[in-house]
Structures are given as structure tokens and as C-alpha cells.
Amino acid sequence: MVARSSAAPPTPWSKSLTTPRIDKTAYVHSFSNIIGDVRIGANVLIAPGTSIRADEGSPFYIGKGTNVQDGVVVHGLERGRVIGDDNNSYSVWIGDNASITHMALIHGPAYVGNDCFIGFRSTVFNARVGQGSIVMMHALIQDVEIPPGKYVASGSIITSQQQADRLPEVQADDIKFATHVLGINDALRSGYHCADNVSCIASVRDQMTRAYESSESINSTGAHLSADVVQQVRQLLAQNLRIGTEHADARRFQSASWTSCEPIQATRESEVLAALEACLDEHSQEYVRLIGIDPTAKRRVVETIIQRPNTRTGDQTRSAPANYTKNADRATATGPSSPLHGNNVSHSAIAQVRQWLTQGYQIGAEHADKRRFQTSSWQSCGAIESKREADVIAAVERCTSEHSSDYVRLVGIDPQAKRRVGELIIQRPGAPFTASAQPATSSSVAGYGATGNGYSSASAGASLSQEAIAQVRQLLAQGHQIGVEHADKRRFQTSSWQSCGAIESKREADVIAALERCIADHQGEYVRLIGVDSQAKRRIAELIIQRPGTATTAPGQPSGAARSGSTGGQVGSVATTNGLGSEAIAQVRQLLAQGHQIGVEHADKRRFQTSSWQSCGAIESKREADVIAALERCIADHQGEYVRLIGVDSQAKRRIVELIIQRPGATPVSHASAESGTNSRSTNPGSSHSYASAATSLSQEAVEQVRKALAQGYQLSIEYADERRFKTSSWQTGSVIQAKREAEVLAALETAVAEPSRAYVRLVGTDPHAKRRVLEATIKRPAK
């Protein structure tokens with residue numbers, strides 16, 4: 001049948017009389033109208049009843065393999081243009097392999113990217129729809145830019161960029177449906193072309209069969225590739241990154257000598273997944289990893305192991321990772337916290353490795369048996385020279401395997417400053433492979449107390465949480481100023497905090513003493529720690545260290561379980577009153593520190609299945625307390641539903657994090673409470689850090705501090721103060737301990753604490769090379 005096409009009529013804005021340009025392989029039904037400068041590519045189907053009029057705005061472009069179904073209207077305004085993929089201006093651009101379904105309206109200026117699906121009766125006007133996005137039925141897309149790979153639910157009205165940025169990612173079932181539609185319409189195009197030729201009917205039937213099989217094969221990738229891997233491939237392609245694969249047998253894996261599989265030149269998802277399948281099948285008894293490559297910067301951006309020897313089970317979950325650099329095995333996963341690299345390294349340890357590598361730090365591993373652990377005499381597992389995540393994790397796995405009955409810890413090292421920035425215990429004898437709840441901080445005294453038996457504060461502040469003390473050390477080490485504020489419940493709701501007074505000192509003991517005074521003066525109120533960058537004159541940290549109704553331990557009293565990590569007994573515990581876990585709070589801090597916007601969404605079980613999340617309202621504030629309060633309100637308002645935290649890069653106008661913080665029927669438990677006891681202080685008052693009276697022996701913590709300081713070559717001395725001097729931090733210098741033998745140092749300390757006139761005694765460690773203090777620990781306090 002002859003297509004109805006004609007030149008654009010002469011108008012005041014156009015005298016060109018341009019006629020449509022239609023590829024010979026395209027099929028345009030005679031009951032459709034095509035007018036003006038319309039450029040139709042190869043293998044395009046224009047169904048009956050369509051109206052494509054480039055008589056006002058022009059030109060139009062319809063890419064190869066696209067189908068425009070019955071009743072579709074494509075028109076454009078005289079003014080307004082979009083930039084097509086060929087960098088030219090168009091009134092309407094519709095990319096390759098797109099489906100514009102029944103009764104849809106595409107009104108220029110409009111851009112619809114490659115592989116998009118526009119549902120029945122949906123409207124796109126003055127908008128851009130990114131590559132691979134799926135718009136369902138009766139939706140309105142106006143005055144926005146939809147990022148690539150997004151899903152717009154039926155009936156949605158997207159008229160602000162904020163709404164567009166919050167859209168969920170497309171899922172495997174959505175891709176299956178869109179691919180199925182493409183296959184069917186391509187077969188119809190062929191069928192219309194040869195409807196008058198009986199000899200070609202058989203070949204058309206074969207093409208339809210292959211289209212169905214192709215559609216099913218796309219869906220069946222989940223049987224071989226995990227949902228995480230499919231989602232990661234989708235995200236890499238959406239970011240215009242190239243994909244490759246490498247394999248290694250067990251011997252080459254140990255030495256990180258990977259061999260490349262066949263190069264993947266394709267950029268279509270189905271072809272890339274097929275290439276991955278081919279590599280996996282060819283090397284079924286080897287390690288296989290997925291590579292993401294930035295062709296512009298010519299560097300690797302992702303390395304993910306997707307197969308291990310004898311591991312062939314597919315992951316059928318629909319969960320999409322918030323961060324595409326998350327490693328995903330082909331083995332089934334039980335959730336976000338399950339180990340992703342075999343059975344030897346936990347999720348938190350892998351996250352720590354990534355963080356240190358991102359910051360340019362060197363990573364090492366150490367082990368110790370129970371006897372060496374007691375004396376902090378760790379032994380190295382060998383240097384890890386590589387800076388690639390897969391190689392580092394492989395080396396850590398070797399260490400945990402070779403020393404399965406020992407303690408193993410991960411060490412982060414700053415090669416410029418030549419000092420440790422963190423220590424994290426990742427294995428304990430007879431315990432599951434979970435990371436210790438108390439990693440070492442990045443301060444210069446990170447090594448102290450990181451043995452798994454507790455973490456000493458400079459003044460042994462029993463009313464401060466471990467997290468607060470670590471935060472103080474980190475801020476001081478970075479040269480920042482510290483403050484403290486308080487608020488009752490009413491002021492907390494309105495974020496009207498009041499200052500407890502300026503803390504001028506930069507010494508850890510003075511700062512902790514000031515924090516303890518504020519907590520003591522404002523029992524029953526909220527108290528928070530403030531970190532201030534004095535150069536930039538802005539806040540860089542806010543940490544709530546006390547909440548009303550949360551038990552605290554007065555200084556000098558036995559801490560016991562109050563410091564064990566239990567959410568009920570620790571001021572400033574990472575678990576909030578309404579169940580925000582440590583992972584969520586840490587994510588909030590990280591996003592705010594990077595200058596990103598934070599949002600929160602909720603969905604009932606039905607909407608969760610279709611990824612149709614609803615916003616809990618915009619969070620405009622950039623202050624941590626306000627953001628956490630907003631998250632808690634959303635959780636409280638939507639009990640029994642899914643709630644997720646959203647991180648948005650306001651510059652790039654795209655989501656960078658999606659983290660589910662509540663699930664129906666699940667009791668939110670912070671990591672700190674889930675692992676309580678693993679790295680807690682002793683619950684025996686006599687063995688804790690409280691030193692109620694001058695005894696004949698020192699606390700275990702003090703002994704550990706002495707051992708570590710002597711092992712690192714530090715000079716030790718003693719300072720003391722009465723009640724008045726302690727409150728003003730006016731310590732008096734005692735004797736310098738010249739001895740280097742542990743027994744002699746301990747004897748000198750026992751003599752000092754036995755002196756009745758000395759109410760407070762503290763141990764001081766000095767680095768003789770840097771000529772600065774690295775340790776201040778109170779080892780005696782008056783009895784209460």
C-alpha cells in the first residue's frame with residue numbers, strides 16, 4: 001500500500017516545502033499521515049492512524065528499529081529545539097529501537113532516547129526522556145529531563161526536575177516487556193512488507209518465533225546472572241561505559257593474573273549479557289569478573305567478580321544496588337549484609353577496603369593467636385602492594401583462610417604521613433566472620449585500644465559513647481574546633497539548639513571534660529557535638545551524644561554494659577529512638593559531608609513490587625539532626641511499609657544512593673546493637689577503666705596502654721590534679737618514667753596512683769621524634 005506523505009505547506013516561518021525522507025526498509029501504513037521534514041530510519045514501523053506533522057516545528061527524526069503505533073501524534077512548536085544524538089537541532093528526536101505505543105503524544109521540543117518505551121496515551125512535551133527509560137500508561141512528562149534507565153509508573157505526572165530525579169530504576173521485567181514489544185512490531189513490519197507475497201509468510205512466522213524466544217532469553221538471564229549483575233550492566237551502559245570480562249584459574253587468581261575474554265564491542269544490553277554468558281560458560285570452573293571502562297578517561301571504574309569456581313546458582317531477587325560498584329557473586333545472597341566475597345570477608349570489611357582505597361591509603365592485614373592478642377603482639381600477613389580492590393580482598397581472604405583460628409585485622413595506612421589511619425578486626429576465633437564494631441579512628445592514636453577489648457578515651461569519660469570519643473579524636477587530628485549544644489524536646493523538634501559555651505582548648509582531655517560537663521548539666525535533654533572548620537567558618541560535623549531517657553554512666557562509676565554497644569545503655573548510640581541503624585546514620589553523614597541532597601520515600605508491599613515509591617516530602621535542610629528527624633518522622637508515619645533513603649547529586653541531577661531503612665515486619669536493629677558484646681568493655685567493675693581508689697594493681701586497660709606505648713617506642717610520664725585543677729584542666733607535671741621495661745613502668749604507675757593526695761592521675765605518652773603527645777589516659781579518679 002502506498003504511504004500518504006507530503007511536503008510541508010508554505011508558512012510565514014517556512015518556505016522550504018521539504019518532503020519526508022523514508023528509508024526503503026521502513027513500513028509506513030497508508031492510513032497514516034507524514035508531512036514535512038520527517039526523517040525515518042531503517043526498519044521503522046509507522047502503524048495505521050498515526051499523524052506525524054512537521055509543518056510547524058521541524059525537522060523530526062525517527063531512528064532505526066523504532067515502532068510508532070496506532071493513533072500516535074507527533075507534532076512540534078515553531079520555537080524550541082532539542083539536540084539529537086548527531087549534535088544537530090531537531091524539533092522532535094526519537095532514537096533507535098524505541099516504542100511509541102497507541103495514542104501517545106510526542107510534542108516538540110521533545111527528545112526520546114534509544115530503547116525507550118512510551119506507554120498508551122502518555123504525553124511527552126518540552127522534555128527529554130533518557131536512554132532505556134520506560135514510561136507506562138497515561139503519564140505526563142513535561143518541562144523535565146528524565147535520567148537514563150528510569151521507570152515512570154502509570155498515571156504519573158512528572159512536571160518538576162525534583163520528581164524526575166527521584167524516579168526509580170527500570171527492572172528486569174520492564175526490560176523484558178519492552179523487548180517483547182520491539183520484537184513483535186519488527187515482525188509485523190516484515191509481515192506488512194510481504195503481505196501480498198505468499199512465499200514470505202513462512203519466513204515471517206519464523207521471525208515472530210525468534211522474537212518470542214529472544215524475549216524469553218532476556219528474562220532467563222536471571223537464571224544464570226544475578227539480578228545485581230544484570231542491574232550493574234544496565235547502569236554501566238546507561239552511563240556510556242564500555243564493558244569487558246576477564247577470567248582466571250585458582251593459581252592465576254592468587255597472583256591476580258587475569259586473562260581477558262573475547263572483547264565486547266556491543267552496547268545493547270541483550271548482546272552484552274549474551275557475551276557475559278558466553279564467557280561464563282567457556283570458563284565455568286574459573287573466576288570471572290566484570291569490568292566497567294570509561295572510554296574517555298581510558299581507565300577502569302568497576303571490577304566485580306561474577307563467578308567463582310563451582311558457584312553457578314543465580315540470584316533471582318529484584319533488589320537493585322544503590323551503588324553500582326558493589327561486588328556481587330553469582331552465588332545467592334541473603335541480603336545487603338551477606339558476605340559478597342566468599343565466606344571469609346564481611347560486607348563491612350569490604351566497604352572499609354573500598355573507602356581506604358578511594359582515599360589513596362595502603363592496606364595491610366595482621367593476625368594474632370589468643371596469647372599474642374592479649375599482649376597486642378600482632379604479626380603481619382605480608383605486604384599488599386596492589387591498589388585494586390579485587391587483589392586486596394583476595395589477599396585478605398588468603399590471610400583469613402591461612403589463620404582461620406586466629407584473630408585477623410585489617411589495617412589502613414597513610415603512605416604520605418607514614419602512619420596508621422585505621423584498624424578493623426575482621427575475624428575472631430570461633431566467631432562468625434563479622435567485622436568488629438569498633439574500628440580504629442583516623443587519628444594519630446588510632447592504634448590504642450583497638451585490640452578488641454575496648455577503646456580508651458583520653459579522660460575515660462564514662463558518660464560519652466565510643467562513637468563520640470572517636471569523633472572528637474578525628475576532628476582534633478584534622479585541626480578543627482569543637483563545640484557542644486543542648487536542646488529540650490520542644491527545641492529539638494524546631495532545631496533551636498543552645499550552646500553550652502565555647503570550647504577553646506585543642507587538647508583531647510579538655511574537650512572530653514567539657515562535653516561531660518554539658519551532659520551532666522543538661523540531663524534529660526538532647527546534647528550534640530559540633531565540629532567546626534575554623535578556616536572555612538562552617539560546620540562539618542554534628543553528632544547527637546545524648547538523648548532524653550537514655551541511661552548514662554557518671555564519670556568514675558563502673559561502665560559495664562553501658563559501653564558495650566547496647567542501644568539502651570549508650571549515650572549517642574548509633575541507633576536512634578525510632579530505629580535508624582548505624583548504616584543509615586553513617587550514610588546520612590557521608591552524603592551531607594559530600595554536599596549532596598537527601599530525600600526519603602515510602603511504599604507499601606504492592607507499590608514496592610512495581611517500584612512505585614512515594615515521597616515523604618522534600619528535606620531542604622543540610623543539618624544532620626534535621627535530616628535524621630525527618631527520616632524518623634517518615635518511618636513513624638509509615639509503619640508497616642518500606643522506607644528508603646535517597647541521596648541526590650544536585651549538580652549532576654541524578655541519584656547516587658538508594659538505601660532501604662525500613663521493611664514491613666522487620667525490627668530495625670543497628671549494627672552496633674546487633675554486634676553488642678563483640679568488642680565491648682568488660683562488665684566487671686573491677687576490670688574496667690574505673691579506678692575508684694588507689695589499688696595495688698592497675699586496670700587491664702591501663703596495662704594495655706602501657707604495652708602498646710612501649711612497643712611503639714613512646715616516652716611515658718605522669719600528671720596529676722585535684723578536683724579544682726581537674727575541672728580547669730590545669731594538670732601538674734609528675735615524674736618522667738625513664739624505664740623502658742614494662743614491669744618497671746607499671747611499678748612507677750602503681751606508686752603514683754597510691755599517693756593519697758593525688759585525686760586524679762593520668763598517663764601521658766609522647767612521641768620523641770615528632771615531639772608531641774600521642775596519648776592521655778586517666779588511670780585514677782576519686783571514689784564516688
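The values are calculated or read from the model by the stated rules, or taken from the named source; none is laboratory data. Every value quoted in this text rests on a predicted model; they were computed, and no experiment measured them. As a convention, Cβ positions derive from the backbone with ideal geometry for all residues, glycine included, and neighbour counts pool all protein chains shown. Areas reflect the complete protein model, heavy atoms only, side chains present, ligands, DNA and RNA absent. Shrake-Rupley method; radii C 1.70, N 1.55, O 1.52, S 1.80 Å.
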Notebook entry, point to check: If r is the Cβ-Cβ distance from Ser505 to Ser380 and R0 is 45 Å, what FRET efficiency results, to the nearest 0.05?
Noted result: 0.75
Check: How large is the accessible surface per residue of the stretch 112-199, computed with a 1.4 Å probe and reported in Å² as a whole number?
Finding: 40
Check: Given 0.36 nm per residue, what is the gain on full extension from Glu271 to Asp369 after removing their alpha carbon distance, in nm?
Finding: 30.2 nm
Notebook entry, point to check: Rounded to the nearest 10 Å², what accessible area does Glu145 show when all protein chains are kept and the probe is 1.4 Å?
Noted result: 100
Next item on the list: Note down the relative contact order for the stretch 115-198 as a percent, whole number, built from C-alpha pairs under 8 angstrom at least six residues apart.
Entry: 21
Next item on the list: Could you order His596, His347 by accessible surface area, starting with the largest, using a probe radius of 1.4 Å?
Entry: His347, His596
Item checked: Percent accessible area from carbon and sulfur atoms, the stretch 336-429, protein chains only, probe 1.4 Å -> 44
Next item on the list: Pairs of Cα atoms under 8 Å, at least six residues apart: use those to get the relative contact order of the stretch 34-173, whole percent.
Entry: 15
Notebook entry, point to check: On the first, second and third principal axes, largest extent first, how far apart are the outermost C-alpha atoms of the stretch 218-294 in Å?
Noted result: 34, 29, 19
Next item on the list: Treat each spin label as a single point 7 Å out from the Cα along the C-beta direction, and report the Thr358 to Ala520 distance in nm.
Entry: 4.0
Check: Roughly speaking, what is the centre-to-centre gap between the stretch 385-423 and the stretch 462-486 when only Cα atoms are used, to the nearest Å?
Finding: 27
Next item on the list: For the stretch 46-84 and the stretch 502-520, compute the distance between their C-alpha centroids and round to whole Å.
Entry: 68
Check: Each label point is 7 Å from the Cα along the Cα-to-Cβ direction; what then is the distance between the points at Arg663 and Thr751, in nm?
Finding: 6.1
Checklist line | From phi via Karplus (6.51, -1.76, 1.60), per-residue ³J(HN,Hα) for the stretch 757-772 in Hz, x at Gly/Pro | finding: 6, 9, 6, 10, 9, 10, 8, 10, x, 10, 7, x, 7, 7, 6, 8
Next item on the list: Show the residues, 5+ positions off or on another chain, whose built amide H is closer than 5 Å to the amide H of Ile737.
Entry: Leu716, Ser717, Ile718
Notebook entry, point to check: Counting pairs of alpha carbon atoms under 8 Å apart in space and at least six apart in sequence, what relative contact order in percent does the stretch 354-396 give?
Noted result: 39
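Take the alpha carbon gyration tensor of the stretch 51-120, find the square roots of its eigenvalues, order them as a ≥ b ≥ c, and report rounded if a/c is under 1.5; if not, report prolate when a/b exceeds b/c, else oblate.
Working: a/c = 2.10, a/b = 1.22, b/c = 1.73.
Oblate, since a/c reaches 1.5 and b/c is not below a/b.
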Next item on the list: Send over a whole-number figure in Å² for the accessible area per residue of the stretch 226-289, probe 1.4 Å.
Entry: 44
Item checked: Residue-normalised accessible area of the stretch 350-423, expressed per residue, 1.4 Å probe, Å² -> 47
Next item on the list: On the full set of protein chains, 1.4 Å probe, figure out the accessible area of Leu140 and give it in Å² to the nearest 10.
Entry: 50
Next item on the list: Mind checking the full-extension length gain between Arg398 and Gln712? Use 0.36 nm per residue of separation minus the Cα-Cα distance, one decimal, nm.
Entry: 110.3 nm
Checklist line | Percent accessible area from carbon and sulfur atoms, the stretch 697-737, protein chains only, probe 1.4 Å | finding: 46
Margin query: Between Asp414 and Gln639, what is the label-point separation in nm under the 7 Å Cα-to-beta-carbon projection?
Written below: 4.6
Checklist line | Of the trypsin sites (Lys or Arg not before Pro) in the stretch 694-766, those whose Cβ has at most 13 other Cβ within 10 Å and which sit in DSSP loop | finding: Lys740, Arg741
Check: HN-Hα J couplings of the stretch 618-626 from phi, Karplus 6.51/-1.76/1.60, θ = phi - 60°, integer Hz, Gly and Pro as x?
Finding: 5, 9, 7, 5, 10, 8, 4, 4, 5
Next item on the list: Among the trypsin sites (Lys or Arg not before Pro) in the stretch 489-538, which ones are in a DSSP loop with at most 13 other Cβ atoms within 10 Å of the Cβ? Mind listing them?
Entry: Lys506, Lys537
